[in-house]
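Working notes, beginning with the structure itself.
The values are calculated or read from the model by the stated rules, or taken from the named source; none is laboratory data. Computed from a prediction, not measured in an experiment: that's the story for all the values here. All Cβ positions, even for glycine, are placed from backbone atoms using ideal geometry, and neighbour counts span all protein chains on display.
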Amino acid sequence: MKIDFAIESDYEFILTRDKHINKALIQSKINANEIFIIRESGKEIGWMRYGFFWDNTPFMNMIWIDERYRGAGIGKQVVLYWEKLMKLKGFELVMTSTLSNEEAQHFYRKLGYRDAGCLLLENEPMELILIKNLNNVVK
């Protein structure tokens with residue numbers, strides 16, 4: 001398994017699979033190195049993308065791994081890789097979110113994320129906001 005920054009040739013892979021991003025933002029996020037592609041034997045098996053909450057706190061927006069590769073620790077590796085990169089860039093805090101009816105909340109908590117609040121949108125399950133302090137955690 002290899003984690004790389006997305007490049008121009010990954011655009012179609014992202015466009016056809018990531019239904020949670022505005023098409024107009026994909027290229028700028030590729031250019032800003034805010035999307036990682038996960039590859040196994042040279043084949044794309046997933047991605048992770050992030051942005052910045054309040055323009056100063058790294059916020060993991062989406063992590064997706066092909067069903068066949070789930071449960072093998074790949075998601076954990078990608079998150080830890082991202083956290084290490086954010087720590088190297090000088091960030092002390094990272095954030096993410098997940099719906100309250102999704103299992104992902106347990107995944108993030110196992111990685112040291114803790115609940116920091118929620119967002120309530122009409123006719124949607126509660127969105128849990130999770131944070132992790134990188135001080136003394138990522139080496």
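Each residue in the stretch 89-98 was checked for being over 11 Å from residue 135 (Cα atoms) and surrounded by fewer than 15 Cβ atoms within 10 Å (Cβ to Cβ), and 1 of them qualify. Residue 41 passes every criterion in (1) closer than 21 Å to residue 71 by Cβ; (2) modelled with pLDDT of 95 or more apart from (2).
Looking at the structure I just gave you, is residue 86 in contact with a Phe, Trp or Tyr (Cβ under 9 Å, 6 or more places away or on another chain), closer than 16 Å to residue 104 by Cβ and among the aliphatic types (A, V, I, L, M)? No; evaluated as a whole, the condition is false for this residue. Within the stretch 22-65, if we keep just the residues that are closer than 19 Å to residue 81 by Cβ and of a type in the set (S, T, N, Q), the residue that is surrounded by the most Cβ atoms within 10 Å (Cβ to Cβ) turns out to be 61. Residues satisfying the criterion are present in the stretch 95-102 (criterion: of a type outside the set (Ser, Thr, Tyr) and in a loop (DSSP other than H, G, I, E, B)). Out of everything in the stretch 23-71 that is touching a helix residue (DSSP H, G or I) at 6+ places or on another chain (Cβ under 8 Å) and among the small types (Gly, Ala, Ser), what residue ends up being farthest from residue 8 (Cα to Cα)? Per the criteria, the residue is 51. Candidates are the residues of the stretch 1-46 that are part of a strand (DSSP E or B) and among the acidic types (Asp, Glu); the one that is farthest from residue 76 (Cα to Cα) is 44.
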